[in-house]
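> Take this structure, written in structure tokens, and hold onto it; I'll ask about it next.
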Amino acid sequence: MKYANAASMLPESLIAEIQKYVQGETIYIPKSKTTHCKWGTRSGGRKQLDERNNLIRNAFREGVSIPQLAEQYFLSIETIKKIVYVK
């Protein structure tokens, strides 16, 4: 996490207001909910998992057994069940 000096970013009136509550401390200001990205959307990890899960579901529909899928994808049987039985 990168730290920035508030005096170089915020107006003096806002700094004075914040100083009523905290002084000389490091505080974290989270992103607003509208700018927050869900897990994996930036890196593409979510897309890769969705594609893998679709392949698993399709293979299951074509008759591949759950233990075979678990071995093929290096996942537990319970994880495969969660993937194939999701609605």
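The values are calculated or read from the model by the stated rules, or taken from the named source; none is laboratory data. All figures in this text were calculated on a predicted structure; none of them were measured in a lab. Note that we place each Cβ from the backbone using ideal geometry, even for glycine, and neighbour counts take in every protein chain shown. Keep in mind that these areas ignore ligands, DNA and RNA; they rest on the heavy atoms of the full protein, side chains included. Shrake-Rupley method; radii C 1.70, N 1.55, O 1.52, S 1.80 Å.
> What number goes with the only condition from (1) assigned to a loop (DSSP other than H, G, I, E, B); (2) hydrophobic (A, V, I, L, M, F, W, C); (3) farther than 30 Å from ALA4 by Cβ that PHE60 does not pass?
Condition not satisfied by PHE60: (1).
> Which of the residues belonging to the range 1-55 are under 30 Å from ILE80 (Cβ atoms) and outside any helix (DSSP H, G or I)?
CYS37, LYS38, TRP39, GLY40, THR41, ARG42, SER43, GLY44
> Residues that are exposed (fewer than 10 other Cβ atoms within 10 Å of the Cβ), at pLDDT 90 or above and at negative phi: does the range 25-45 have at least one?
no
> Also: Please go through the range 46-81 and pick out each residue that is polar (S, T, N, Q) and open to solvent by 100 Å² or more (accessible area, probe 1.4 Å). Steps first, please.
Quick first cut of the range 46-81, residues polar (S, T, N, Q) only: 48, 53-54, 58, 65, 68, 72, 76, 79.
Of everything in the range 46-81, those that are polar (S, T, N, Q) and open to solvent by 100 Å² or more (accessible area, probe 1.4 Å) turn out to be GLN48, GLN68, GLN72.
> So, ARG61, is that one of a type in the set (D, E, K, R) and in contact with a helix residue (DSSP H, G or I) (Cβ under 9 Å, 6 or more places away or on another chain) or not?
In short, yes.
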